[in-house]
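Worksheet for the structure shown next.
Every number here is computed from the coordinates shown, using simple stated rules; none is lab data. The structure presented is a predicted model; accordingly, all values stated were derived computationally and were not measured. Neighbour counts run over all protein chains shown; Cβ positions are idealised from the backbone, glycine included.
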Amino acid sequence: MKITKRILKFTAILIGFLLISIVIVLFVDKQNTTYLNVENIKYASNNTYLISNVNIIPMDKDTVLVDKMVFIKEGIIQHIADSIEVTDVEIIDAKNKYLSPGLIDMHVHVWDRYELGLYLSNGVTAVRNLWGMPMHLRLKKAINNEEIIGPILFTTGPKLTGSEFIGDDNLHLQSPAQAIEKVISYKNRGYDFIKTYYGLPEDIFNAIIKQAKISDIDIVAHPSQKVPYSYHFKPQIKSIEHAEEIIQQPLNYVLDTLKLTAIINDFEKSKHSSFSPTFTVYNNIYQMLIDDNILASEQLQFLNPLIKKVDSKAQFERWYSTKLRDSSIVNTIKTQHDFHLKIIKKLHKAGVTLICGTDAGIGVTIPGFSIHQELSFYKEAGLSNYETLKTATVNAAKTHAIMNNMGSIEVGKIANLLLTDNNPLLDLTELQNPYTVFVKGRKLERETLSNFKQQARKRNNLMASALRYVENLIIEK
Ligand SMILES: [Zn+2]
């Protein structure tokens, strides 16, 4: 009896100690990112400005509006004209700089607050997170309430797959009834989209689509291998992910241009589905294969430490040992990447809406920085600078109704804007280092943006990240 009591007491103390440790670790992580708090950022308390002497790249059409004024009131674009008279408003003399819409990365995986600063410092003012967890709902709330500054965050719920698909990173649905229940629950809890994943069987997929329609929530699909590729061209599915999936499934790993034409034709008919190629994450396999020291590279200091320790390492080792067994893999991956560019060129020609997505936050794909790489691949594939920039602005915004209020410089749109020294339509690399970023009309200057980068370098939040991951496994499973 006495021993049982002692064991109980000891267990209670242990649990108490554990809970206190968890609270402390999460508190410290939050304290270390107070540099993102709106009240700690120079100028960020204001979201009403008159910008003068500015050249506008509106992106709703291929033009530059020369020497204009833009009035932003409480984070919304109110008026654009040659001359605007307003009183008691701070005026920013843009000195003939260029104003373009903030970039949108449509395929990311956010792991912590530091990444929000990395996105902003790279001109990314909205992101679509495709692996939703409870932490993302909290982040969304903190951003929407303007407690912290960050890109506008949209997130899917957890990845939905079938019962056979292994791994703790997705939700294994057992039946259509369970699928319906999850769609309703995700919508109610505030997830923006449903993410369907790799191993989803048809009966469950049908149930998801039916319920998503009733619940009025869009689906983002990582193609399922359990249904034909053409199954995904359904009106409720607004976005299809990953160029490599076209090669893996309908082309069955054969780089066949003729077969590809048939898929392109199917895509062309489905006007409601955008396509997100995520070239960067695939090309990074090639980068891992040709650089044995990639894990120690400067850029990887900007990755979340948990991802670096677990995912980047595992991916690198997997490809490294594949290369040792068969060195031809290097060429195979490169050839497939080049074929992806052909796919995009054809999809673009067919009029399919392309949206910029990087898959940043996993493997060795760095949040924020990657978007510039992704855009450069679209350009390499043959898109003009204007068409390339559309993928990360207007095209992204038109994909989902809830994103329609961004992506271009027009009256009534959210003032997510980039001010650059030169015209980005002449040189897209101009977007890599904006002079000023506006997010919901709040001004972030170069100094602030470079501080966001510095703060995220070599961050020490492995434990906090692991705890949030465990929380996800407990709550969402
Ligand atoms: Zn992804």
Inset, instruction - Return a yes/no flag: does segment 199-207 have any residue that is under 23 Å from Lys398 (Cβ atoms), surrounded by 15 or more Cβ atoms within 10 Å (Cβ to Cβ) and in contact (Cβ under 8 Å) with a residue 24 or more places away in the chain. - result: no
Legend entry - Number of the condition not met by Val227 [criteria: (1) closer than 26 Å to Lys323 by Cβ; (2) more than 15 Å from the ligand (Cβ to nearest atom); (3) assigned to a loop (DSSP other than H, G, I, E, B)]: (1)
Legend entry - Some residue of segment 113-121 being within 16 Å of the ligand (Cβ to nearest atom), under 14 Å from the mean Cα position of the chain (by Cα) and surrounded by 23 or more Cβ atoms within 10 Å (Cβ to Cβ): yes
Inset, instruction - Filter segment 209-226 for residues that are free of Cβ contacts under 8 Å to residues at least 60 places away in the same chain, crowded, with 17+ Cβ neighbours inside 10 Å and β-branched (Val, Ile, Thr) and give the result. - result: Ile209, Ile217, Ile219
Inset, instruction - Collect the residues in segment 122-137 that are among the polar types (S, T, N, Q) and either surrounded by fewer than 24 Cβ atoms within 10 Å (Cβ to Cβ) or in contact (Cβ under 8 Å) with a residue 60 or more places away in the chain (or both), keeping them in residue-number order. - result: Asn122, Thr125
Legend entry - Output for segment 92-112, where each listed residue is more than 16 Å from the ligand (Cβ to nearest atom) and surrounded by 14 or more Cβ atoms within 10 Å (Cβ to Cβ): Ile92, Ala94, Lys97, Tyr98, Leu99, Ser100, Pro101, Gly102, Leu103, Asp112
Legend entry - Matching residues in segment 171-198 - criterion: being of a type in the set (Asp, Glu) and either on the phi > 0 side of the Ramachandran plot or without any contact (Cβ under 8 Å) to a residue 12 or more places away in the chain (or both): Glu181
Inset, instruction - Within segment 265-293, count every residue that is of a type in the set (A, V, I, L, M, F, W, C), over 18 Å from Lys238 (Cβ atoms) and either crowded, with 17+ Cβ neighbours inside 10 Å or within 16 Å of the ligand (Cβ to nearest atom) (or both). - result: 5
Inset, instruction - Might you let me know whether segment 340-354 holds any residue that is free of Cβ contacts under 8 Å to residues at least 24 places away in the same chain and either farther than 21 Å from Lys238 by Cα or in contact with a strand residue (DSSP E or B) (Cβ under 9 Å, 6 or more places away or on another chain) (or both)? - result: no
Inset, instruction - Would you point out which residue out of Asp29, Asp88, Asp62 is touching a Phe, Trp or Tyr at 6+ places or on another chain (Cβ under 6 Å) and outside any strand (DSSP E or B)? - result: Asp62
